[in-house]
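Asker: Below you will find the structure I want to go over with you.
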Amino acid sequence: MGETKTVVHDWRDIFRAFKMAFDPKKVFLGYIGLLASLVWCVVAVAFFSALKLVSTNPYAFIKLALSSAREGIPLAVKNSLLAIMPLDFGEFIVLGVLVFGLLVIWSLIGGAITRIASLDYARDESVSLMDALKFARKKFWSYFWSPLVPVIGVLFFALCNVIGGMIGRIPVLGDIAVAVGFPLAMLSGLLMVFIGGIGALGLCFMFPTISAEGSDAFDAMSRAYSYVLSRPKQFIWYCIVNTLYGLACLIIIAFVAWLMIRLSFCTVGLGMGQKFQAVQSFILQKCDIACLGFCTTPSAEAKTAVVSLDRWSLKFLAGMLILYVGLIKLAVWTFVTTYLLSAKTIIYFLLRKEIDSTDVTDVYLEEKIEEKKEISTKETDKLFSPTEGTKEGRSSTEEGYKSKEGEAV
């Protein structure tokens, strides 16, 4: 007999996200998604750097992946804020291409992960990897457009203000028109804040909505806004539990990863001697072996000292060790991805149950619908088939004869 899962259908179900995040199918998809995202960013930036559209070094993304979260997250936030207000048209094009590629990757990967999580939590069913990817492929454009709907809304009202500002270029009349109509511009700014802010909060519900309901981008957007506004207290409470529990799990997993790398370095170094110590010092100059950056603090001497390797074999060893460390770090962030998508899927079902009074086990099953269509088609064919009709007529005639014989007797 299989293991029975305890589902209480309240905030305690969020703790199940830790176990759900380690589903091998989700881990594989998350790892491929992060690796594909890293490769896409490096290749795209390298291409546009060769065209002199941007001056960003493509290896900055690899350095960001090899750095610890304490160093990498502030740098990523700073670069993101700078990218929001590009001063150059070329940088705007590059940013659009990067976002488009990442949306393509995660519309497929994120859709498949949330589909697996939906069936796992709601119906305790395990869907195959290929079936999840097929579902995400069929609903690809719904996944793709759902995060862009709030962005399009913000851009629409921003464009309205820009057009109003262009009217202000008209001498005299333009100044008067802007002065009289500026409250409309302020109203437009309020709508931009509302659409953008609530859309950012409800963004986490868009993929689970499509995976659970089999709906489109508009339904995902409407449910995201409705659930955030209808139950703000429950939404905030679920997010607090999700964040605190997720951080605790991440600290444990990151510590285990750091300890694994540290112990392997120490034990191999005991056997290899001075050569491995030189390689290890060279590696610490290039990357931080800690995922969160709280386990090791490089000294000032280690940062200023320059270590060079004179033999190609040692350089090869150092390069391979850096690659292994990077892959382990990617595995840790894969857990973050799968955990967040699983937890947000659970929160979506809980809010749907409270707001729409929909049973948690209610999930869109495309396979069952196709089976019903096939069964109804077969029944229709039987009714209109001449052979079947003849057989039914013969059987009814034989039954009539038998009944008459029984009456005669």
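What follows is calculated from the coordinates using simple rules that are stated; it is not laboratory data. As the structure is a prediction and not an experimental result, all values here were calculated from the model. When we count neighbours, we look across all protein chains shown, and the Cβ atoms used for this are built from the backbone with ideal geometry, even at glycine.
Asker: For the pairs 233/329; 139/353; 26/329; 26/353; 26/138, note any where the Cα-Cα span goes beyond 28 Å.
Answerer: Details: 233/329 35 Å; 139/353 24 Å; 26/329 17 Å; 26/353 25 Å; 26/138 19 Å.
Table pairs above 28 Å Cα-Cα are 233/329.
Asker: Suppose R0 equals 45 Å. What FRET efficiency, 1/(1 + (r/R0)^6) with r the Cβ-Cβ distance, do residue 313 and residue 19 give to the nearest 0.05?
Answerer: FRET efficiency, residue 313 to residue 19: 0.55.
Asker: Give a residue-ordered list of calculated ³J(HN,Hα) values for the range 351-360 (Karplus: 6.51 cos²θ - 1.76 cosθ + 1.60, θ = phi - 60°; whole Hz; x for Gly, Pro).
Answerer: Here the 3J(HN,Hα) series is 5, 5, 5, 6, 8, 9, 6, 9, 4, 4 Hz.
Asker: Hey, what do the phi angles of the range 141-156 turn into as Karplus ³J(HN,Hα) couplings, whole Hz, using 6.51/-1.76/1.60 and θ = phi - 60°, x for Gly and Pro?
Answerer: Karplus values, whole Hz, x for Gly and Pro: 5, 5, 4, 5, 7, 4, x, 7, 4, x, 5, 5, x, 5, 5, 4.
Asker: Residues in the range 335-364 near a label at residue 239, defined as backbone nitrogen under 20 Å from the 7 Å Cα→Cβ point?
Answerer: Answer for the range 335-364: 336-356.
Asker: How do 141-147, 213-219 rank on mean C-beta neighbours within 10 Å, highest first?
Answerer: Working: 141-147: 20.7, 213-219: 16.7.
Most protected by this proxy first, the peptides run 141-147, 213-219.
Asker: Using 0.36 nm per residue, how much length does the chain from residue 71 to residue 264 gain when fully extended, once their Cα-Cα distance is taken away?
Answerer: 67.1 nm
Asker: Something else about it: Starting from the Cα of residue 274, step 7 Å along the direction of its Cβ; do the same at residue 124; then give the gap between the two resulting points in nm.
Answerer: A separation of 6.4 nm, rounded to one decimal place.
Asker: Calculate one ³J(HN,Hα) per residue across the range 240-245 by plugging θ = phi - 60° into the Karplus curve 6.51 cos²θ - 1.76 cosθ + 1.60, and present them in order as whole Hz with x for glycine and proline.
Answerer: Running phi through 6.51 cos²θ - 1.76 cosθ + 1.60 with θ = phi - 60° gives 5, 4, 4, 5, 5, 5 Hz.
Asker: Now for a separate question. Defining a contact as two alpha carbons under 8 Å apart and six or more residues distant in sequence, what relative contact order in percent does the range 92-241 show? Mind showing how you got there, number by number?
Answerer: Values: 145 pairs, mean separation 39.3, N = 150.
It comes to 26 percent, rounded to a whole number.
Asker: Based on the alpha carbon coordinates of the range 138-232, what radius of gyration and maximum Cα-Cα distance (Dmax) apply, in Å?
Answerer: 17.2, 56
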